[in-house]
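The structure under discussion appears below in the form of structure tokens.
The values are calculated or read from the model by the stated rules, or taken from the named source; none is laboratory data. Bear in mind the structure is a predicted one, so any value in this text is a computation, not a measurement. FYI the Cβ positions are ideal-geometry reconstructions off the backbone, even for glycines, and counts take in every protein chain you see.
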Amino acid sequence: MIDTLHDLVIAFNLFVIAYMAAQCANQLVLICLGWREISEYVKRKSLRDYDTIATSELSVPVSIVVPAYNEESVIAESVRSLLNSHYAAFEVVVVNDGSTDRTLDVLTEDYDLVPHERVPRAQLDTRPVVASYRSLSDERLLVLTKENGGCRADAVNAGLRYARYPLFLAVDADTLLDIDALPRLVREFQVRPETVALGGIVRIANGSTVEAGHVTEARTPRELLVNLQIVEYLRAFLVGRTGWSRLGAVLIVSGAFGIFRREDVIEIGGYDPDSFAEDADLVVRLHRLCRDRGRPYRIGFIADPVCWTEAPSSLKVLKSQRERWQRGLLEVLWTSRGMMGRRRYGTVGMVALPYFLAFEAIGPLVEVLGYVVITLSVALGWLTPLVAIAFFGVAVAFGIAFSFGALLVEERAFQRYRRWSCFGRLVLAAGLENLGYRQWYALVRVRATWAHLWQRPQAWGEMERAGFTPESVPSKS
Amino acid sequence: MAADTCRIIAFFSLGLLAALTLLVLGKRVIRGLAERNSSRRRASWTEALGNGPVPDMRMGQLRALARQAARRPAAQEDLLSLLESGALPPRGTRREPFEAALRRAGLVRALPAACRSRTAVTRGRAVLLWARLGLKGAERGIEPLIADPDPDVRAAATQALAICHSEEAAWILLGALRDGHMAPERVVERLSGQWAALPLLRALRQVSYARVRPWLAEALGLTGDPRAEPLLITMLEHGGQEHRIRACRALGRLSRPTSFTALSVALGDPSASVRAQAARALADLGDARSVGPLVSLLDDEAWWVRARAADALRALGEPGLTALAHCATEHPDLFARERAAEALGLEPEGTRNADGADRAAIA
């Protein structure tokens, strides 16, 4: 019995080593691809004439859809940021999703809203829109009030029904857009008309200086938790999504900042209101639509147009957010199981989906089990403490190395955090991320997986917002 | 044995971390240095050119900078950004010695070679530099790149030709439009200057451009050249639906009072899209005579035409608003009343309540 257990433990340890090696190899490939993609993008910067795109009457117009539920503290600044975008033809459609706070009042006061009849342009099932308003101070603003649908997807779908332009950009109400983000996004659709969806980078605004609805100086806050998330975001966007974009297998276009061809999204029925990861679900369905039709298409990611968001600064909110993400991922993998491993779906079916299943969905489970089994092995004397420490050390070293890789890409391409103090905090966070935070996050994901398998209900949870003050976004401790 | 292996692993891990830390820090420092060099180089260009007469120009320094630009991508980027900002090239008598310095440094010779480079970025940068420097023969050098396999290079070539501001460049762009090398919108937005008007007018009459005539009309509207008006009116009266839509848009942009009759007639077009565009164009004309025809469009069968008519009446100012105020209460058609009321609702409080005398006048 003991012998069998010993053999099992040793076999599992060997499996964990092989698994870790495979994950490291994947990350390394993604870093290399991301580096190449971003280098190419940066080199071509001077070839791009964003001014003409921003001012041309013939540029493709964009509808910006902003779902808002109880966003009174940030909505005015967020809409201001969007309306200040340097672009000729766009509208902002704010969908007040049955807010119980003063979201609508704030908008009415700040933008002189008056009732206005707007005819829907598309048929999508959503909770009823009860009123629509136009702004007297800026005709590009449309506000819809609808019955609460209990999810973001329903609100975006409602906005999509009323949006009138061929491209639609979905942004969260707690985000600030860079002033020149729109021309950068639209250019990709103009230069490569096969583009169906495109994601931009979401950066964390906590601690940064905000003026007139735009981040004027990127800074990092003092809170370690937020800095850890900044490093995580950099790694996810600059390394992960850019790498996947290079492979033509982007699976997630962030719901907080993604631009789509409206008619394609309407054709597949818009966002799925029952999904926890409606953004990833939508992208996977778009891949399926285009692949099934054999039509040339591109779903990509570009790292230049920036959208700033407020990150949770308390563990409780962060935990709820990350649980939702993990459950969303599992759900997307389940709904797209028919695409997995099928050559017809190209790199999406053959590489991206299997990767997400093997390393993103199951990864936390293997990691947590690894910690448990190795500790057990040491306790039972089957493994020397030195080997266990070395094993843990290598895992941590590689984790840190990949975070450093993301910082390296950031330094190479954008260098948004100009101050040495901010840079120092990021380096420190990249180092500390793997000592405690990573393990906590793995546990959260395992719990979320468990809850998902037992179909326990998941609330959306409420984000505690500090709001975008003119000087900076304070980070709550 | 195990202890040795662990030690090796630990050393390897620490070494990896140290190397990466150094790499990240090094990258930051190198980037800082590169930025400093770049700003120094840009300052050198302006310093070498000076502000005074030709003898004050530092020709040696200019040649050295041009030599750098001929060889190094970073120097080319700096020169390009100076050219984009308008700091270069110098004008008047100072231009000749400036060009001579570029020639002697080999930059002029390097540009055609760069256009044939295997690297897309080099080709794209070369066409932009060539055009921005305003050197003779740039159009012919750029022309082959309009059909480049790389979309960024094609876009750069289109932009470069628009920078040339010459008829020759306009004809090359028209060729790209006809042959479908670029999306029509991307070519048309570049043909918006007065320099493109004559080639556009000529192309409109040529059979080989028949397929892209609606786009030529669109471009003519952007040039604002009044000579286009009769041709556009003919297109509006006799063209297909796409032609009529583009002609309406172009006539709206030209904003010539003489287009009023043709546009009023277009309000009765069988195509709803043409009617909507005609309403918009009449708003651009700003002619008070449009009020009557636009009011008659408020009960159009297509809702978006009704919306465009209401928007157009609003855009006409006082006479349009007075008509809207009247229609909001008196129009026999429910939809027309709703549209008018809605359009009025978007006006500030004072303007919305049109005065009784005006209403009576309209009634």
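For region B:113-132, filtered to residues that are under 20 Å from the mean Cα position of the chain (by Cα) and within 25 Å of B:GLU96 (Cα to Cα), the residue that is surrounded by the fewest Cβ atoms within 10 Å (Cβ to Cβ) is B:ARG132. Condition check: basic (Lys, Arg) and either assigned to a helix (DSSP H, G or I) or within 14 Å of another protein chain (Cβ to nearest Cβ) (or both). Does A:ARG203 satisfy that? In short, no.
Considering B:LEU324, B:LEU294, B:LEU298, B:LEU316, which residue is more than 24 Å from B:SER271 (Cβ to Cβ) and either within 11 Å of another protein chain (Cβ to nearest Cβ) or among the hydrophobic types (A, V, I, L, M, F, W, C) (or both)?
Only one candidate passes the filter, namely B:LEU324.
Applying a threshold of 8 Å to beta carbon distances and a minimum spacing of six or more residues, or different chains, the list of pairs starting in region B:8-23 at a residue that is closer than 16 Å to A:ALA430 by Cα and more than 8 Å from chain A (Cβ to nearest Cβ) and ending at one that is part of a helix (DSSP H, G or I) and modelled with pLDDT of 85 or more is empty. Applying the criterion of being free of Cβ contacts under 8 Å to residues at least 40 places away in the same chain and within 9 Å of chain B (Cβ to nearest Cβ) to the residues of region A:374-393, the residue that is farthest from A:ARG241 (Cα to Cα) is A:THR384.
Just one of the numbered conditions (1) of a type in the set (Asp, Glu); (2) within 14 Å of chain B (Cβ to nearest Cβ); (3) crowded, with 21+ Cβ neighbours inside 10 Å is not true of A:ASP172: (2). Taken across region B:90-99, residues that are in contact with a Phe, Trp or Tyr (Cβ under 7 Å, 6 or more places away or on another chain) and not in a helix (DSSP H, G or I) do occur, with at least one present.
Within region A:61-82, being at pLDDT 95 or above and surrounded by fewer than 20 Cβ atoms within 10 Å (Cβ to Cβ) holds for one residue alone: A:PRO61. Across region A:94-116, not a single residue is classified as modelled with pLDDT under 95, closer than 18 Å to A:ARG262 by Cβ, away from chain B (no Cβ under 14 Å) and touching a Pro at 6+ places or on another chain (Cβ under 9 Å). Within region A:8-62, the set of residues being within 9 Å of chain B (Cβ to nearest Cβ) and part of a loop (DSSP other than H, G, I, E, B) comprises A:ARG48, A:ASP49, A:SER56, A:GLU57, A:LEU58, A:SER59, A:VAL60. Pull out all pairs, ordered by first then second residue, where Cβ-Cβ is under 7 Å, the residues are six or more apart or on different chains, the first lies in region A:7-18 and is over 21 Å from A:ALA358 (Cβ atoms), and the second is modelled with pLDDT of 85 or more and in a helix (DSSP H, G or I). From residues that are over 21 Å from A:ALA358 (Cβ atoms), the pairs are A:VAL9/A:VAL373; A:VAL9/A:LEU376; A:VAL9/A:SER377. The residues of region A:136-162 that are surrounded by fewer than 20 Cβ atoms within 10 Å (Cβ to Cβ), touching a residue at least 40 places away in the same chain (Cβ under 8 Å) and of a type in the set (Gly, Ala, Ser) amount to a single one, A:GLY150.
If you go through region B:101-123 and pick out every residue that is of a type outside the set (D, E, K, R) and within 14 Å of another protein chain (Cβ to nearest Cβ), you end up with 7.
When region B:31-54 is examined, which residues are found to be within 14 Å of chain A (Cβ to nearest Cβ) and farther than 17 Å from B:ALA75 by Cβ? Scanning region B:31-54 gives a single hit, B:GLY32. Tallying residues that are hydrophobic (A, V, I, L, M, F, W, C) and under 24 Å from the mean Cα position of the chain (by Cα) within region A:48-69 yields 5. Checked against (1) in a helix (DSSP H, G or I); (2) surrounded by fewer than 19 Cβ atoms within 10 Å (Cβ to Cβ); (3) touching a Ser or Thr at 6+ places or on another chain (Cβ under 7 Å); (4) not basic (Lys, Arg), B:ASP78 passes all but a single condition, namely (2).
Number of residues in region A:390-432 that are charged (D, E, K, R), over 14 Å from B:VAL29 (Cα atoms) and crowded, with 21+ Cβ neighbours inside 10 Å equals 1. Pairing each residue of region A:176-201 that is free of Cβ contacts under 8 Å to residues at least 12 places away in the same chain with any residue that is not in a strand (DSSP E or B), provided the two are 6+ apart or on different chains, yields C-beta distances under 7 Å for A:VAL191/B:PRO151; A:VAL191/B:ASP152; A:VAL191/B:ALA155; A:PRO193/B:ALA183. Screening region B:258-319 for helices (runs of 4 or more DSSP H) wholly inside it with 2 or more residues that are hydrophobic (A, V, I, L, M, F, W, C) and more than 22 Å from B:HIS331 (Cα to Cα) returns the ranges B:260-266, B:272-285.
Output the residues belonging to region B:214-243 that are under 23 Å from the mean Cα position of the chain (by Cα) and either away from every other protein chain (no Cβ under 14 Å) or surrounded by fewer than 17 Cβ atoms within 10 Å (Cβ to Cβ) (or both). Within region B:214-243, B:GLY224, B:ASP225, B:PRO226, B:ARG227, B:ALA228, B:GLU229, B:LEU232, B:GLU242, B:HIS243 qualify.
Can you tell me which residue within region A:207-257, out of those that are polar (S, T, N, Q) and not in a loop (DSSP other than H, G, I, E, B), is nearest to A:SER85 (Cα to Cα)? Residue satisfying both the conditions and the ranking: A:THR216. In region B:175-193 there is no residue that is more than 8 Å from chain A (Cβ to nearest Cβ), polar (S, T, N, Q) and either surrounded by fewer than 18 Cβ atoms within 10 Å (Cβ to Cβ) or part of a helix (DSSP H, G or I) (or both). Restricting region A:176-195 to residues that are crowded, with 24+ Cβ neighbours inside 10 Å and assigned to a strand (DSSP E or B) leaves a set whose member that is nearest to the other protein chains (Cβ to nearest Cβ) is A:LEU177.
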